[in-house]
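Written out below as structure tokens is the structure these notes cover.
The values are calculated or read from the model by the stated rules, or taken from the named source; none is laboratory data. This is a predicted model, so every value here is computed, not measured. Cβ placement follows ideal geometry from the backbone for every residue including glycine, while neighbour counts extend to all protein chains displayed.
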Amino acid sequence: MLPVVAGELLLRGFALPALSAWKGPFAAALIVSVLFGGFASLAGSPGVALLSMGLGLVLCGLYLATGSLLPGIALAAAAAATALGAACALSIAGIAGLAAVCALSAVALAAVPSLRGVGVPRRSELRGSAA
């Protein structure tokens, strides 16, 4: 799931906002979607690249609509798990379960940095408060 999170951070977390400021959101979404499809075509056929470009447009739309990478990360992870499940000839229930677990795992992985300030205080923080 790390490649899914990294791809979303790179393409929709960095490239899409940067290109949007330069060319506008529609052109940026098209450029990022072509890049997303290009990455997918490295591992598959041209048909896979076209499907990936379509998914890339949906992921860009999700990011632009919500302002969050998490929905796109979940959808991209579920799509990757669906492709893996189909390639391994899993049953429909197996594919659905794999997609759900991968989507939840990817969102959890992506959300970990946001939890940095939550939890047990560091020793340095405790030392300053002990008086």
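Quick one: how many residues across the stretch 12-33 are surrounded by 19 or more Cβ atoms within 10 Å (Cβ to Cβ) and of a type in the set (Phe, Trp, Tyr)?
0
Which of the residues that make up the stretch 14-52 are at pLDDT 90 or above and within 14 Å of residue 79 (Cβ to Cβ)?
33
Inside the stretch 1-61, counting only helices (runs of 4 or more DSSP H) that do not spill past its ends, which hold 3 or more residues that are under 14 Å from the mean Cα position of the chain (by Cα), on the phi > 0 side of the Ramachandran plot and touching a residue at least 40 places away in the same chain (Cβ under 8 Å)? I'd like the intermediate steps shown before the answer.
Numbers: elements: 2-8, 16-23, 25-41.
Here the list is empty.
Would you point out which residue out of 77, 81, 65, 89 is farther than 13 Å from residue 4 by Cα and either among the basic types (Lys, Arg) or part of a helix (DSSP H, G or I) (or both)?
Numbers: 77 fails: farther than 13 Å from residue 4 by Cα; 81 fails: farther than 13 Å from residue 4 by Cα; 89 fails: either among the basic types (Lys, Arg) or part of a helix (DSSP H, G or I) (or both).
None of the other options fit; the residue is 65.
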